[in-house]
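Peer 1: My questions will all concern the structure given below.
Where a number appears in this text, it was derived from the coordinates with a stated rule and is not lab data. Please read these numbers as outputs of a predicted model, since none were measured by experiment. Using ideal geometry, Cβ is built from the backbone for each residue, glycine included, and neighbour counts are taken over all protein chains shown.
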Number of protein chains: 2
Amino acid sequence: MVPLLVRGPAWLFQWRAACTLGAFVQQRTWAGVSRIPGLGGPLVQRGSSLASSRAPEVVLTRERYPVRRLPFAQVSEDDLAALERIVPGRVITDPEELEAPNVDWLRTVRGSSKVLLRPRTSQEVAHILRYCHERNLAVSPQGGNTGMVGGSVPVFDEIILSTTLMNQVMSFHDVSGVLVCQAGCILEELGRYVEERGFLMPLDLGAKGSCHIGGNVATNAGGLRFLRYGSLRGTVLGLEVVLADGTILNCLTSLRKDNTGYDLKQLFIGSEGTLGVITAVSILCPPKPSAVNVAFLGCPGFAEVLQTFSTCRQKLGEILSAFEFMDAECMKLVELHLRLASPVRESPFYVLIETSGSGAGHDAEKLSDFLEQVLGSGLVTDGTLATDQRRIKMLWSLRERITEALSRDGYVYKYDLSLPVERLYDLVSDLRARLGPRAKHVVGYGHLGDGNLHLNVTAEAFDVSLLGALEPYVYEWTARQRGSVSAEHGLGFKKRDVLCYSKPPEALQLMQQLKALLDPKGILNPYKTLPARA
Amino acid sequence: MVPLLVRGPAWLFQWRAACTLGAFVQQRTWAGVSRIPGLGGPLVQRGSSLASSRAPEVVLTRERYPVRRLPFAQVSEDDLAALERIVPGRVITDPEELEAPNVDWLRTVRGSSKVLLRPRTSQEVAHILRYCHERNLAVSPQGGNTGMVGGSVPVFDEIILSTTLMNQVMSFHDVSGVLVCQAGCILEELGRYVEERGFLMPLDLGAKGSCHIGGNVATNAGGLRFLRYGSLRGTVLGLEVVLADGTILNCLTSLRKDNTGYDLKQLFIGSEGTLGVITAVSILCPPKPSAVNVAFLGCPGFAEVLQTFSTCRQKLGEILSAFEFMDAECMKLVELHLRLASPVRESPFYVLIETSGSGAGHDAEKLSDFLEQVLGSGLVTDGTLATDQRRIKMLWSLRERITEALSRDGYVYKYDLSLPVERLYDLVSDLRARLGPRAKHVVGYGHLGDGNLHLNVTAEAFDVSLLGALEPYVYEWTARQRGSVSAEHGLGFKKRDVLCYSKPPEALQLMQQLKALLDPKGILNPYKTLPARA
């Protein structure tokens, strides 16, 4: 028997003070953020080019935030000519064409880049970066521009390096399920490609129709299949990356196991384009399950949600592929703004459970056994079950479209937190009491099975005093639980100064050293991921 | 539909020449390797202290290999006194006590360290490394000393830093299954600890009775549960690491998701103690399956083994937890040296299939459906099924004890390769033809489900001409298939010069830069992982 040793999170307390100060500075800088348009307007689709629509112009990041341009060179006519030689006909300088890629889909940050490049091959990316490195030109890599934290748009006049034309599947192995493709392939298209061959992409997320696999890997996207298929850190088998100086690092292996030296690809997974530009991805796709079921259930309280989760893991075991939850406020917003109807009686909480298995009969039996228990014991008060594709999609849309409903409700303060599952909803209740009528809605939903809460607060318009009530409160609350202030969205531009709530100073220092090693001139996605002052 | 782009492994050919030369140099250096004792002798147990038994002494690494001591300081009396102040009563200098930790369990390498330290806490490890860093003293971290590549014993007089006394469980969360423990906990003991609480360690390997979890993580161990629970890169949630200069890096989070900055723990997973010393591990344990079955089957050929695997994935789906194979030669050795009896009729190949599920009845039905198909179609000619713990253990021992049987057969040339599964066994057949009667046995076994072949060649004694026939042939063959020359064993001291067969020069360079960044004086596990000349 191994004895138990008690340990306190000593580092947690050591850097709290510095962090709080940082958040306060940041808080003031956000005062100028304008309200997200879309209330009563057209459907906000992640990754769509809203910037070119008739929505009011987003304030330039350099005007809204107190960020200073670093001493990079400015793009000259000679540079444009040189770049034109590298990617002929694919150097975009038309201001109208540049509008959309300068603005994030949430319309909260806006760069002023004057050049966008559309390479087709890794060699072209290498030539571009070699040139930019020599000339000290900053580069902002961009995939589908569906990020939540302003990571994929320029802050100043960085050259936008788009992966849009890097959309080729390079190979697919129909025994092992290993897919090798360029970084700009769209997730949903890859999904269709592998599903036709009897496999499944190991990740799925709301933005699948626009997001690029390279961006998914660069941000270490989590999403809806994380519970079953785990992290990209396990399913990504290899990467090809172009380093800041134009060196091509080919670690594009298709092997499940490879212990030859340090696993360099891990450096680039989740580094948001700040250490290298991912140009190709090798990823392991699991076999497509032959039977999929979705249950949508109403629970009388959060304690019952948690007990339903425990029962679910016990009864459904290896066939459980998603356990999502949303509160009554989410359902109200989805009904109000999207005219979707709840398939079950009104409840304080709703749970979406998905099973994926290889035997329809067995799965149905397991599900029925599970449902009997949770309904019989009062953990669940109402529920519906879908086995056909159309109804499954309909039930999923209730959960997947919450973000969209929120964006129609007014200005949205967004938090993406990892918390111990038993404390997950306490923060939502705490905030509701703390904010009172100042907030329009305080909602909680997310990937309960992964301990990942999406906490969103809406208000009629941006309000600095409301922000002051939210921050650093939310971050401090999370840090006290040893949670993460960014579970899956990353840090990008907007969250980079709160990194210190989840990582100790020694970690921050090592991150800065890695950045200096891999990108000594700092040209790759500057002003992102790492705090400005560290 | 996404079009297909053809790409050649350009980098593969660029550095082949340099590599071949490296392997040739290495090959000559192995000429003095003595035969592994144990033929007819006592059972060789991984991690046991054979060095102190009556086995003939292993030649010192510094005498056998052309490796030069780097200019580290030598341990002085003052140093011993200073270290005694850091870990009072736990500075071992008794030559007899130092015998075992200076020799690897395979008895192929032997250091000449004169000091072994047994810290109990991370703070003590930090003090030790701070001191050694200042004094320029080299350190060889050691867990259970069960490695296959000489990674955990000193090469010269490095101070051995043993994690033996760091064996405390720090916390276990019985809802999430997250275990946090010190690095020196023995895998099997952790297994018992979490199984009592309804969970399972996500990794299992033959050396479980001796290996330390810190060593497992430092070597990114694969093992028998990889197929089901994936890589440690996904299941390890957090690490505490002491850096070369004594800085404690606390990334010991228990969160499933955390995207706050670069994932530093990944640097240390699989870096074999060359970038930092892992002092504590946070790991996600899956729920213990309520039903486990093992089928042991005979197949008439390797093509049938592959088809059995495909059928198995299709029919058993999510309950498949292991698919291991061994050839007839393996069975012969196990029968001959360990007096184990094959439970099925003699066959050219044997397959061990394990299922783990939450419903015994469902699993039995799936298995029966699978067995009916493979037996009916002639893919499998004979088989046996075990559902009780004792028989399951017995069947597993046929597969798990092959290493032991091999070590009793004579001198063993060991290769641990990742290959495309359809070519996996071709190398074994090729080698058998190539070596003819010069080899006693050429055997192939391993984790087929992961594309991981353990290729072993035995001979009466070490033979330089046999080695010449094996290397660089095996490495070149593997490189042509874009395989890995070390799937799960790592590189340690003995394989560090073949790294270039699986990684391009750009990767090698970046690895060297990372080493220089994290351990500028190179005191951590010198002469390991990275090639001497890179």
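Peer 1: At 0.36 nm per residue, and after removing the present C-alpha to C-alpha distance, how many nm does the segment from A:Glu188 to A:Gln373 gain when stretched out fully?
Peer 2: My answer for the length gained is 63.0 nm.
Peer 1: Give the angle, between 0 and 90 degrees and rounded to the nearest 10, that separates the Cα long axis of helix B:77-86 from the longest principal axis of the Cα atoms of chain B.
Peer 2: That works out to roughly 60 degrees.
Peer 1: May I pose another question? Taking B:Val59 in one copy and the same position in all the others, each labelled 7 Å out along Cα→Cβ, what are the pairwise distances from the first, in nm, shortest first?
Peer 2: Listed shortest first, these distances are 7.5 nm.
Peer 1: Just tell me how shielded B:448-456 is by partners: mean number of partner chain Cβ atoms within 10 Å of each residue's Cβ, no decimals.
Peer 2: For this peptide, the per-residue mean of nearby foreign Cβ atoms is 2.
Peer 1: Once the label point is set 7 Å along the Cα-to-beta-carbon vector, what list of distances in nm do you get between B:Gln509 and its counterparts in the other copies?
Peer 2: Once sorted, the set of distances for B:Gln509 reads 2.9 nm.
Peer 1: Within 10 Å of each residue's Cβ, count the other Cβ atoms and sort A:Thr311, B:Thr279 from fewest upward.
Peer 2: By the 10 Å Cβ count, ascending: A:Thr311, B:Thr279.
Peer 1: Could you list which residues have their amide H under 5 Å from that of A:Ala138, counting only those 5 or more apart in sequence or on another chain, with H placed in the peptide plane?
Peer 2: Amide H neighbours of A:Ala138: A:Ala73, A:Ile159.
Peer 1: Highest mean first, how do A:233-242, A:368-377, A:268-277 rank when packing is the count of other Cβ atoms within 10 Å averaged over residues?
Peer 2: Per-residue Cβ counts within 10 Å, averaged per peptide and sorted highest first, yield A:268-277, A:233-242, A:368-377.
Peer 1: Here's another thing I want to ask about it. If we hang a label 7 Å off Cα along the beta carbon direction at B:Leu336, how far is it from the matching labels on the other copies, in nm, shortest first?
Peer 2: Ordered by distance, the counterparts are at 7.9 nm.
Peer 1: Please work out how much length the chain gains when fully extended from B:Arg391 to B:Glu422, using 0.36 nm per residue of separation minus the C-alpha to C-alpha distance, in nm with one decimal.
Peer 2: On the way: separation 31, 0.36 × 31 = 11.16 nm, distance 3.07 nm.
Gain on extension, B:Arg391 to B:Glu422, equals 8.1 nm.
Peer 1: Using only the alpha-carbon atoms of region A:284-341, report the extent along each of the three principal axes, biggest first, to the nearest angstrom.
Peer 2: So the three principal-axis extents are 38, 27, 19 Å.
Peer 1: Could I ask something else about it? I'd like the orientation of helix B:360-376 relative to chain B: the angle between its Cα long axis and the longest Cα principal axis, in ° from 0 to 90, rounded to 10.
Peer 2: Taking the Cα atoms of chain B, the angle to B:360-376 is about 60 degrees.
Peer 1: So, one more: Please work out the C-alpha center-to-center distance from region A:403-475 to region B:179-218 and express it in whole Å.
Peer 2: Centre-to-centre distance over Cα atoms comes out at 39 Å.
Peer 1: Hey, another quick one. Please list 3J(HN,Hα) in residue order for region B:377-382, calculated via the Karplus relation 6.51 cos²θ - 1.76 cosθ + 1.60 where θ = phi - 60°; whole Hz, with x for glycine and proline.
Peer 2: 8, x, 5, 10, 9, 7
Peer 1: Can you figure out the FRET efficiency of A:Glu134 with B:Val464, using R₀ = 60 Å and their beta-carbon distance, to the nearest 0.05?
Peer 2: On the way: r = 50 Å, r/R0 = 0.84.
Efficiency, rounded to the nearest 0.05: 0.75.
Peer 1: Quote the relative contact order of chain B in percent (integer), defining contacts as alpha-carbon pairs under 8 Å separated by 6+ residues.
Peer 2: 17 percent.
Peer 1: Going by C-beta contacts inside 10 Å, put B:Ser429, A:Ser342 in order with the fewest on the left.
Peer 2: Taking fewest neighbouring Cβ atoms as first place, the list is B:Ser429, A:Ser342.
Peer 1: Something else: Run lengths n ≥ 4 of DSSP H only: what is the helix-derived mean residue ellipticity at 222 nm for chain B, with -39500 (n - 2.57) per run over all residues, to the nearest 500?
Peer 2: So the helix-based figure for chain B works out to -9500 deg cm²/dmol.
Peer 1: Sequence gap at least 6, Cα distance under 8 Å: using those rules, report the relative contact order of region B:223-368 to the nearest whole percent.
Peer 2: After rounding, I find 27 percent.
Peer 1: From other protein chains only, count the Cβ atoms within 10 Å of every residue's Cβ in B:507-515, then give the mean. Don't skip to the end; give the middle numbers.
Peer 2: On the way: counts 8, 4, 2, 12, 5, 2, 2, 7, 2.
Going residue by residue through B:507-515 and averaging, the value is 5.
Peer 1: Now for a separate question. Determine the shielding of peptide A:358-367 by partner chains: average, over its residues, the number of Cβ atoms on other chains within 10 angstrom of each Cβ.
Peer 2: Numbers: counts 9, 10, 0, 2, 9, 3, 0, 3, 4, 0.
Partner-chain Cβ atoms within 10 Å, mean over residues of A:358-367: 4.
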